[in-house]
Each structure stands twice: as C-alpha cells, then as structure tokens.
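Novice: First the structure, which I've put down as structure tokens, then a few questions once you've had a look.
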Amino acid sequence: MILSIINIVQAHVEPSQLSDKVLYDKYPDHDINIEDKPIGRIIFQLYNDVVPKTAENFRALCTGERGFGYRDSTFHRVIPQFMLQGGDFERHNGTGGRSIYGGKFEDENFQLKHTKEGLLSMANAGRNTNGSQFFVTTVATPWLDGKHVVFGEVTDGMDIVRKVEALGSQSGKTQKRITIASCGELDR
C-alpha cells in the first residue's frame, strides 16, 4: 500500500511558538508502500531554526543527495499508542543507518518536547547516537524528553499515520511491510 507521499517542510519557529506555517518553497517527499497499495500523504514541518543540524540530516536523507538515504527503507517498528519508527536504510530492522555527517552525531538540544501526537523525533541508542532513524509519535510521550531530539511535526496526514499505526503491535513488529518507495524534494 503506497502511503503515497510524505512531504517534509522546513519552517522558522521559536520553541515556544510552534506553528503550522510553511516558510520555505521546497519540501522533501516520500512515496510509501504498504504491500504495494497507496494509502495517502503525510506532510511534515521541520524546525530547522531550533535544531538545524538534525533537520538538515533528515532533509538530505529524504533527497538522497549524498548518495544514500531513506529510499527503499522501511518503517520497521510500529507500536500502537506510541510511535512509528523508520529510517534504517542499511539493515531495515533498527540496527543500521547513518547520518549525513558520517556515522552518528550528537544530540543537538532538547528544547522541543514530546507534548503531543504527530511529532517527528530522532531514534537513538543512547546519548549522542543520532544517525538516520526517526520516529513519529502517536500520543504525547513526555518520558522521551531529554533523551530524543524533536525536530518536526506532522502538519497534514495524521489519518495516514493512524493507518500505519494500526499495522503495528506491542512488540513493534508490523503486520505488513511498510516501505519508503522513493524520496525527493518537491516545489511547493
């Protein structure tokens, strides 16, 4: 099922004044397959003024401009009432992936909090181990504050996030293969 396109938008925001306002003319896109059937579009806003290094890593991995990225990777871990995790383009199981900065990079800051559903945050293996893996929250997850860097949010397509969430399990194993079929950056 193609989740169709996940679009990522960069925006200028203050941590205390997060908005859905799009201030840039380009955004990356993801065509997502779930068993080869399209299910819709998710649009993200990136907080590049708050966490520019983290936002740039995600954007560049969406476009594949460094010769590697999210194309053909999977949402390998989906836990209902928690999150959807993807971005392991090397092993597709949560043990791989790397950043555009060469391997892992440090936690940029923890100014943004996991206060609601639809937040885009870095998955990691502990302090300062950010690579390419990310997750989208499906509920507020305050226990992740100070441990995972929030760098964006869903501005459109939470219904699609919910469809993907429904394919998960408490162990995180998905009922169907969920793949990012292609990625890029579109003119808005």
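Computed from the coordinates by the stated procedures, all read-outs in this text should not be read as laboratory data. From a predicted model like this one, the values you see are computed outputs, not experimental measurements.
Novice: Out of residues 5 or more away from F44 or on other chains, whose amide H comes under 5 Å of its own, with H placed 1.01 Å from N in the peptide plane?
Specialist: N7, I8, V9, T155
Novice: Another question, then. How large is ³J(HN,Hα), in whole Hz, for each residue of segment 158-168 in order, when computed from phi with the Karplus curve 6.51 cos²θ - 1.76 cosθ + 1.60 and θ = phi - 60°, using x for Gly and Pro?
Specialist: 4, 5, 6, 4, 5, 5, 5, 4, 5, 8, x
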